[in-house]
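The structure under discussion appears below in the form of structure tokens.
The values are calculated or read from the model by the stated rules, or taken from the named source; none is laboratory data. A quick note: this is a predicted structure, and the numbers were derived from the prediction, not measured. Every residue, glycine among them, receives a Cβ derived from its backbone with ideal geometry; neighbour counts consider all protein chains shown. Accessible surface areas use protein heavy atoms only, side chains included; no ligands, DNA or RNA. Shrake-Rupley method; radii C 1.70, N 1.55, O 1.52, S 1.80 Å.
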Amino acid sequence: MRPAINVGLSVSRVGGAAQTKAMKQVAGKLRLELAQYRELEAFAKFGSDLDKSTQAQLNRGVRLVELLKQPQYQPMPAEKEIISLYSGTRGFLDSIPVEKVGQYEQQMLAFIERKHPEILAEIKEKNIISDSLDEKIAEALKEFAGVFQA
């Protein structure tokens, strides 16, 4: 089941305390990325000339918001949620068209489940993203990028 992730600017003490360490590792970066996105989004409405860095942050923010959308009554296990958030906060979605983010997520999770089930098992068992697991996830997502069919 997908645990609640508070991505607002303030964080409930109970909400944060209920998250696993692995979820905190990806959700912390997610909160920062979304806060920056909201700030830049408001700023961008007033000006049309945006530098590449600002445009990249806006583009990532749009994809993160899309990634957070979840069909009703379709809970997701925490380990899959963590992989999804990892893919978004680490830039693996940056080149994916916004309208294809949901498709990317479904195919990516199926790929990880099929080709790298040990990643999901380790997240579920240890509830932390160690340096070695971080490398495994990044490599698996790079491998998936080569086979993703939009």
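Of note:
- Within the stretch 51-65, the presence of at least one residue that is open to solvent by 60 Å² or more (accessible area, probe 1.4 Å), in a loop (DSSP other than H, G, I, E, B) and either within 20 Å of Gln25 (Cβ to Cβ) or of a type in the set (Asp, Glu) (or both) is confirmed.
- Positions within the stretch 1-50 being among the small types (Gly, Ala, Ser), open to solvent by 50 Å² or more (accessible area, probe 1.4 Å) and at pLDDT below 60, in sequence order: Ala4, Ser10, Ser12, Ala17, Ala18
- The listed residue being outside any loop (DSSP other than H, G, I, E, B), modelled with pLDDT of 95 or more and closer than 18 Å to Leu64 by Cα, out of Glu135, Glu105, Glu125, Glu139: Glu105
- Residue ID - most open to solvent (accessible area, probe 1.4 Å), chosen from residues in the stretch 96-150 that are more than 16 Å from Tyr86 (Cβ to Cβ) and β-branched (Val, Ile, Thr): Val147
- Cβ-Cβ under 7 Å pairs, at least 6 apart or on other chains, the stretch 54-72 side within 11 Å of Ser84 (Cβ to Cβ), far side of a type in the set (S, T, N, Q) and part of a helix (DSSP H, G or I): Leu67/Ser84
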